[in-house]
Amino acid sequence: MTGADETPHRRRLIIGNWKMNTTLAEAMTLATAIKEGAGQLSGVDLVICPPFPWLVPVAEILATHRQSALHLGAQNIAWQSGGAYTGEVSAAMLKGIVDYAIIGHSERRRYCHETGPMLAKKIRLSLDNKIKPVLCVGELTKPTAAVLRDPTAIGERQFVKLIEILAETVDHLTADERSKLVVAYEPVWAISANSGAEPADPHYVNAAAAALAEHLPSGTPILYGGSVNSTNAGHYLAQAAIAGLLVGGASLKATEFLKVAGA
Ligand code: PGA
């Protein structure tokens, strides 16, 4: 059994979320460079999540001399299976193209008003279409200065809101669906695009992930996301409750993303 403060030896999952960035030419260059570097990594599953229109061209790049540890993911999927939903992309359309889908990223919760029950539908549709859902959860408010100064002093009360956010979605899932989730802990105050963002303390992240794990089936991979870069990645990956990383800004440069993955 792995003790709470031991570094576990397991395969890591490192996901790059390109968000609404890259031209087609930039996406092809980035995917090609990541693919070339991925062969040098071991013990890591890498996932890249380009914008929707670049998924097929990037899939074609990944298919030539395929690296078995390099996968494609979508940044979102629709909450309905098909029909009159202008601008949406269904899980069925993505089946066979992507292996993963990011579900409920804080930017979608904020700008597109996605709710817990809606995210549960997305998760169900992903699973029905053989796509691994990566559910993002994170609290909006930065912990107090005292907690940030001394993260070992955090009590369970600290994560009440976080667990509520998780429950808003997972309470709508069956035990079998819950057992197939990847969860990304993404404190919104730590995401680089938000003003005043700062990376969360790795011990704080570990405590949050451990709190989430208590409400998830045993063995659910829990990733961390929020201002991850090649300098801090190793500190997060050393935490017992952290199985990998969800990387935004730092996934847009191949060398930096590969360094994060190899950290
Ligand atoms: P960041 O983004 O690494 O740029 O902070 C993370 C995310 O939004 O998933």
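What follows is calculated from the coordinates using simple rules that are stated; it is not laboratory data. Note that the coordinates shown come from a computational prediction; the quantities given were computed from them, not determined experimentally. When we count neighbours, we look across all protein chains shown, and the Cβ atoms used for this are built from the backbone with ideal geometry, even at glycine.
Counting only residues that are assigned to a loop (DSSP other than H, G, I, E, B) and surrounded by fewer than 16 Cβ atoms within 10 Å (Cβ to Cβ), which one in the stretch 100-120 is nearest to the ligand (Cβ to nearest atom)? The qualifying residue nearest to the ligand (Cβ to nearest atom) is 113. For the stretch 17-35, the criterion of being in contact (Cβ under 8 Å) with a residue 40 or more places away in the chain, of a type in the set (Lys, Arg) and either surrounded by fewer than 16 Cβ atoms within 10 Å (Cβ to Cβ) or assigned to a loop (DSSP other than H, G, I, E, B) (or both) is satisfied by at least one residue.
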